[in-house]
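Notes follow once the structure below has been shown.
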Amino acid sequence: MAKVTSTEMFKKAYNGGYAIGAFNVNNMEIIQGIADAAIEEKAPLILQVSSGARKYAKHIYLMKLIEAAIADAEENAGFDLPVCVHLDHGDTFELCKSCIDGGFTSVMIDGSSKSFEDNIALTKKVVEYAHDHGVVVEGELGTLAGVEDDVNVSEEDSSYTRPEEVEEFVTRTGVDSLAIAIGTSHGAYKFKPEQCTRNAEGILVPPTLRFDILEEVSRRLPGFPIVLHGSSSVPQNFVKLINEYGGKMPDAVGVPEDQLRHAASLSVCKINIDSDLRLAMTAAIREHFAQKPADFDPRKYLGPGRDYIKQIVKHKLVDVLGCAGKA
Ligand code: G3H
Ligand code: 13P
Ligand code: ZN
């Protein structure tokens, strides 16, 4: 199987009431952990690369590693692993063009911090170039709080998507999918303690996402794939391991998995997950060094990191996204 766009994936996901996992990749172990989970669960994948990831690992390394994962699936598991290679949070036409020219099958142009008109103009320009090259485009309306590369959006500057803007945005830009803001945010601290209640174990219980906005957007854009960013659930077993073994992540909290499952059963076809992979890798490495402080061979601690990533991705595919068996 060659790299694919998300067009067919989204059509099947929309009609089937599930979502595709879009996992951020930065190195070999992360790619292997995700791909091995998808192979075992027979799930389609979106592997996404931020501009920070591209700066860290270089475009060509990530592309070749992703191609290696596809070839490995075919040669060693006899499985055609469908992979959409996506640019996460592209902020300029030039960056999107470079990824399109370099073999990505999908790009996001994130004009969400611009005015409505400037967002439309930039998104339309990217769509025209992308569609001419067989590549699909994700746009964004509404601003998520949190940190994306060099962009740091404070909670005060974040804003929910205005449903009354979505039809005009989609029609005038020609985008293939739309990211919306309904209360999720990037990173491992998605809600302030004062926005939450606490359960019997003292763990924060966050407020419910704005499903009313999602439903109104879907009513206005029937059959159109919606994307959720900032959708890590911040597994408390990883947070506990990190804190137990010298880390300091008090009150880290994510989006409850039952709410993500509900979103996936509606019009949400792509769910973005990065922080959970970072937590998995960090928990494994901290645990390893706490138990075997004399180790200094990177394979000894990156291997367990890869195993924890595979474990959490399998759980997402089966229990949260519902896309296991859909490849
Ligand atoms: O949305 C942000 C993603 O988690 C990517 O993070 O820009 O630090 O690579 P990054
Ligand atoms: P998380 O920080 O919740 O993993 O979100 C990742 C994301 O939205 C990437 O675009
Ligand atoms: Zn994002």
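The values are calculated or read from the model by the stated rules, or taken from the named source; none is laboratory data. Given the structure is predicted, the values throughout are model-derived calculations rather than measurements. Positions of Cβ are generated from backbone atoms using ideal geometry, with glycine treated the same way; all protein chains shown enter the neighbour counts. These area figures cover heavy atoms from the full protein model, side chains too; ligands, DNA and RNA do not enter into them. Shrake-Rupley method; radii C 1.70, N 1.55, O 1.52, S 1.80 Å.
Points worth noting:
- Some residue of region 187-205 being within 19 Å of residue 110 (Cα to Cα), touching a residue at least 12 places away in the same chain (Cβ under 8 Å) and either aliphatic (A, V, I, L, M) or open to solvent by 50 Å² or more (accessible area, probe 1.4 Å) (or both): no
- Any hit, region 120-134, residues being within 16 Å of the chain's Cα centre (by Cα) and either in contact (Cβ under 8 Å) with a residue 24 or more places away in the chain or under 30 Å from residue 303 (Cα atoms) (or both): no
- Residue satisfying all of: in region 225-245; touching a helix residue (DSSP H, G or I) at 6+ places or on another chain (Cβ under 6 Å) and open to solvent by 30 Å² or more (accessible area, probe 1.4 Å); farthest from residue 21 (Cα to Cα) among these: 245
- Residue in region 239-253 that is modelled with pLDDT of 95 or more, under 30 Å from residue 292 (Cα atoms), under 20 Å from the mean Cα position of the chain (by Cα) and in a helix (DSSP H, G or I) present: yes
- Conditions (1) within 15 Å of ligand 2 (Cβ to nearest atom); (2) not in a helix (DSSP H, G or I); number of the one not met by residue 34: (2)
- Test set (1) closer than 16 Å to residue 181 by Cα; (2) in contact with a Leu (Cβ under 9 Å, 6 or more places away or on another chain); (3) assigned to a helix (DSSP H, G or I) - residue 227 fails condition number: (3)
- Test for residue 51: is it within 16 Å of ligand 3 (Cβ to nearest atom) and among the hydroxyl-bearing types (Ser, Thr, Tyr): yes
- Enumeration of residues in region 79-93 that are farther than 15 Å from residue 127 by Cβ and away from ligand 3 (no atom under 15 Å from the Cβ): 79, 80, 81, 82, 83, 84, 85
- Among the residues of region 177-186, the ones that are within 15 Å of ligand 1 (Cβ to nearest atom) and open to solvent by 20 Å² or more (accessible area, probe 1.4 Å) come to 1 in all.
- Contacts under 6 angstrom Cβ, first residue in region 287-301 being among the acidic types (Asp, Glu), partner open to solvent by less than 60 Å² (accessible area, probe 1.4 Å), 6 or more apart: 287/241
- Some residue of region 1-21 being over 19 Å from residue 317 (Cα atoms), of a type in the set (Lys, Arg) and in a helix (DSSP H, G or I): no
- Checked against (1) in contact (Cβ under 8 Å) with a residue 12 or more places away in the chain; (2) more than 13 Å from ligand 2 (Cβ to nearest atom); (3) closer than 23 Å to residue 34 by Cα; (4) surrounded by fewer than 20 Cβ atoms within 10 Å (Cβ to Cβ), residue 264 meets all criteria but (4).
- Any hit, region 105-116, residues being at positive phi and either within 14 Å of the chain's Cα centre (by Cα) or within 15 Å of ligand 2 (Cβ to nearest atom) (or both): no
- Residues satisfying the stated conditions in region 301-316, i.e. open to solvent by 10 Å² or more (accessible area, probe 1.4 Å) and either farther than 19 Å from residue 28 by Cα or not acidic (Asp, Glu) (or both): 301, 302, 303, 304, 306, 308, 310, 311, 312, 314, 315
- Among the residues of region 285-300, not a single one is open to solvent by less than 40 Å² (accessible area, probe 1.4 Å), over 20 Å from residue 207 (Cβ atoms), within 16 Å of ligand 1 (Cβ to nearest atom) and outside any strand (DSSP E or B).
- Extreme residue, modelled with the highest pLDDT, among residues of region 208-224 that are outside any helix (DSSP H, G or I) and open to solvent by 90 Å² or more (accessible area, probe 1.4 Å): 222
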